[in-house]
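Scroll down for the structure; my scribbles are underneath it.
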Amino acid sequence: MRHVTVPQDRIGVLIGEGGETLREVEDRADVRLDVDSETGSVAIDSTGDPVTALVAPDIVKAIGRGFTPDVALSLLDHDLRRFELIDLADHTRNDNDLQRKKGRIIGENGRTRELMEELTGAEVVVYGSTVGVIGDAEEVSAVRRAVGMLLDGAPHGAVYSFLERKSNELDDDVDFSAPQ
């Protein structure tokens, strides 16, 4: 049995209307979830395929860190899809610094975060003091690097150029000669 803590304001999203999301996670991940809505603690118990059940804690964490249930459940769609959490508190001195750096990552009207998603293909969520990323290994790596550049104070233009190059590399990696 594994335990994950979900922020209080995300418990309702995890449970869903009438328990619908909770049941979908349980069914698709072959687990049983026991949610303590007082503390936000979620006990995860495998009920079927243990390999599928290994993804369940990441699905619950992803929902807890701001992803929609559909995006979080996409972790089950492909073996190479992964969830990574970047803790901004490790890279900031105080609350003001955290807010400033979150603002750099989100960008004006959310444009920087959106560009990260568009150019890498990964899903990106900024929630609390974390940046969550769901995608394949190269997509997650590109977002991690872009966030690192922003945290280190790189100009947005340099980060966008890096993301454009990465996008072109990712596009070049697609083998169009393979039968579809």
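The values are calculated or read from the model by the stated rules, or taken from the named source; none is laboratory data. A quick note: this is a predicted structure, and the numbers were derived from the prediction, not measured. Glycine gets a Cβ as well: all are built from the backbone with ideal geometry, and neighbour counts include every protein chain shown.
Out of curiosity, is VAL133 at pLDDT 95 or above and within 14 Å of ASP87 (Cβ to Cβ)?
Against the criterion (at pLDDT 95 or above and within 14 Å of ASP87 (Cβ to Cβ)), VAL133 qualifies.
Please verify whether the stretch 75-98 includes one or more residues that are in a strand (DSSP E or B), touching a residue at least 60 places away in the same chain (Cβ under 8 Å) and within 18 Å of the chain's Cα centre (by Cα).
Within the stretch 75-98 (the criterion being in a strand (DSSP E or B), touching a residue at least 60 places away in the same chain (Cβ under 8 Å) and within 18 Å of the chain's Cα centre (by Cα)), the answer is yes, since at least one residue qualifies.
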Number of the condition not met by THR39 [criteria: (1) at pLDDT below 95; (2) more than 20 Å from ALA142 (Cβ to Cβ)]: (1)
Qualifying positions in the stretch 110-131 - in a loop (DSSP other than H, G, I, E, B) and either of a type in the set (Lys, Arg) or closer than 24 Å to ASP171 by Cβ (or both): GLY121, ALA122
